[in-house]
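Scroll down for the structure; my scribbles are underneath it.
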Amino acid sequence: MTEATSTLAERLQAVRLRMSAALARAGRAPDAARLICVSKLHPPEAIREAYAAGERHFGENYAQELRDKSEALADLVGLRWHAIGPLQTNKAKYVARSAHFFHALDRLEVAQELSRRRTGEPLECCLEVNIAQESSKRGVGVGEVEALLSQVRSLPQLRVVGLMCLPPFAESPEASRPYFRQLAALARELGLSELSMGTTTDFEVALEEGATLVRVGTAIFGERG
Ligand SMILES: *Cc1c(COP(=O)(O)O)cnc(C)c1O
């Protein structure tokens, strides 16, 4: 089904079916993973449409866009915002105020600022791991995850619940599998239960390897402008 001939609700349903099938293949429960609809660079109306189709978890990359959309959509009861992009210290306040979950924690300074700015419930976080050890990539190095985890654990307003990764871009989803598998092993070692991994290109492989949160944008909302 191509974008031009399908509605958002149809594309959403197709993603849900592919998720169910991947979970079933892996012998996992149908509710073992949650879909995060990545709405970055799409208008608030597209989020309303996905919300009307039953979705509640939305992912945004840019802190100010997250702030603006959370204000524009404040009337949508039960909507949960996931900040999934890299974050600078000076923008941490927007994520601390608007997000329910932060997927891309990779520096202590950002963690400290988030904890300082967060009121109410602690912010749930995943540490983003540079799992392929790419020099150009953000994310904490595999060898430094444990140290960062113990530092972040002393911060009162953050709660690290899992790990996240974004493997190197590849044509084949199978290319991501070894990285997903490594991230799952690392999370197990550290006693962390959430695994944020898999996007439009490789979410089924991620689910087969234990993802609990998949971040899917294009397959739902279409290409970003
Ligand atoms: C944009 C983005 C996604 C979604 O990517 P799609 O290919 O549109 O599914 C997921 N995770 C992160 C960190 C992103 O920046």
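The values are calculated or read from the model by the stated rules, or taken from the named source; none is laboratory data. The structure displayed is predicted, hence computed values, not measured ones. FYI the Cβ positions are ideal-geometry reconstructions off the backbone, even for glycines, and counts take in every protein chain you see. Areas reflect the complete protein model, heavy atoms only, side chains present, ligands, DNA and RNA absent. Shrake-Rupley method; radii C 1.70, N 1.55, O 1.52, S 1.80 Å.
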For a protection proxy built on the mean count of beta-carbon atoms within 10 angstrom, sort 173-180, 102-109, 201-208 highest first, please.
201-208, 102-109, 173-180
I want the antiparallel fraction of DSSP beta bridges within the chain, as a percent rounded to 5.
0
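Rounded to the nearest 500 deg cm²/dmol, what is the calculated helix-only ellipticity per residue at 222 nm for the chain, with -39500 (n - 2.57) per DSSP H run of length n ≥ 4?
Numbers: 9 runs with 86 residues, N = 225.
Value at 222 nm, helices only: -11000 deg cm²/dmol.
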Computed on Cα atoms only, the convex hull of the range 100-172 has an orientation-averaged projected area in nm² of 5.4
Hey, what do the phi angles of the range 48-55 turn into as Karplus ³J(HN,Hα) couplings, whole Hz, using 6.51/-1.76/1.60 and θ = phi - 60°, x for Gly and Pro?
4, 5, 5, 5, 4, 7, x, 7
Dimensions in Å of the range 111-214 - Rg and Dmax from alpha carbons:
14.0, 42
By a straight-distance test (C-alpha under 12 Å), which aspartates and glutamates pair with Lys137 as possible cross-link partners, with residues fewer than eight away in the same chain excluded?
Asp106, Glu128
If you average the C-alpha positions of the range 11-32 and of the range 128-182 separately, how far apart do those two centres end up, in angstrom?
24
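Considering only protein heavy atoms, what per residue accessible area in square angstrom results for the chain with a 1.4 angstrom probe? Intermediate values should be presented prior to the final figure.
Details: 10500 Å² over 225 residues.
I get 47 Å² per residue for this part.
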Could you tell me what percent of the accessible area of the range 81-225 is made up of carbon and sulfur, with a 1.4 Å probe and every protein chain present?
46
Roughly how large, in nm² to one decimal, is the mean projection of the convex hull of the alpha-carbon atoms in the chain?
12.1
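Can you tell me how much longer the chain between Gln151 and Ser172 gets when fully stretched, taken as 0.36 nm per residue apart minus their C-alpha distance, in nm with one decimal?
Details: separation 21, 0.36 × 21 = 7.56 nm, distance 3.65 nm.
Net length gain for the segment: 3.9 nm.
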Whole-Hz ³J(HN,Hα) from phi, Karplus 6.51 cos²θ - 1.76 cosθ + 1.60, for the range 110-127, glycine and proline x:
5, 4, 4, 5, 4, 5, 4, 8, 7, 10, x, 4, x, 7, 6, 9, 10, 7
From the Cα gyration tensor of the range 45-121, with a ≥ b ≥ c the square roots of its eigenvalues, which class applies: rounded if a/c is under 1.5, or else prolate if a/b is larger than b/c, or else oblate?
prolate
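For the range 1-74, which whole-number percentage of the solvent-accessible area (1.4 Å probe, protein heavy atoms only) is attributable to carbon and sulfur atoms? Could the numbers behind the result be given before it?
Working: 2030 of 3790 Å².
The nonpolar share, carbon plus sulfur, comes to 53 percent.
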